[in-house]
Amino acid sequence: MASTDTVCTLVPYFKVQPGQMQAFRALCEQFVAKTRGESGCVHYAFSFDGDAVHCREGYDDAAAMLAHLDNVGALLQEALKIAQLTRLEVHAPPAELDKLRAPLAALKPQFFSVEYGFRR
């Protein structure tokens with residue numbers, strides 16, 4: 001059975017420049033604080049492995065993801081001064097992906113079509 005879920009997942013990976021991890025972690029705290037108030041955010045967290053950082057984030061739909069990116073845009077620009085975005089994935093149902101392709105094109109993500117599953 002095909003999924004009717006609209007949840008969109010953004011999957012960014014960063015490589016933090018040497019000596020900048022403390023500054024990047026401080027930005028992570030700011031990202032979390034800013035995102036906490038977003039009504040369309042399903043989950044949001046940062047995880048670390050050495051100089052590699054992943055942000056696990058999910059949104060109710062494409063509109064909520066785009067609202068988030070607008071909300072944290074300035075912080076993202078600060079983060080990109082001390083870290084490289086090494087990979088970016090977007091996972092969403094086809095109808096939601098269609099709403100994200102053009103607005104996210106500059107970030108050059110890999111788009112994954114969610115086609116089967118469920119949401120509790």
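The values are calculated or read from the model by the stated rules, or taken from the named source; none is laboratory data. Bear in mind that the values here come from a model prediction, so they are computed numbers and not experimental data. Note that each Cβ is placed from the backbone with ideal geometry, even for glycine, and that neighbours are counted across all protein chains shown.
Table for the structure above
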read-out	value
Hits in the stretch 4-45 - residues which are hydroxyl-bearing (S, T, Y), surrounded by fewer than 17 Cβ atoms within 10 Å (Cβ to Cβ) and either modelled with pLDDT under 95 or more than 18 Å from L69 (Cα to Cα) (or both)	T4
Meets criteria (buried (at least 16 other Cβ atoms within 10 Å of the Cβ) and in contact (Cβ under 8 Å) with a residue 12 or more places away in the chain) for A63	no
Failed criterion for G40 (all others in (1) small (G, A, S); (2) touching a His at 6+ places or on another chain (Cβ under 6 Å); (3) in contact (Cβ under 8 Å) with a residue 24 or more places away in the chain hold)	(2)
Qualifying residues in the stretch 85-99 (those that are surrounded by 13 or more Cβ atoms within 10 Å (Cβ to Cβ) and not charged (D, E, K, R)) - the one farthest from the chain's Cα centre (by Cα)	P93
Number of positions in the stretch 74-105 that are small (G, A, S) and either under 23 Å from T6 (Cα atoms) or touching a His at 6+ places or on another chain (Cβ under 8 Å) (or both)	4
Among (1) surrounded by 11 or more Cβ atoms within 10 Å (Cβ to Cβ); (2) of a type outside the set (G, A, S); (3) without any contact (Cβ under 8 Å) to a residue 24 or more places away in the chain - the single one Q77 does not satisfy	(1)
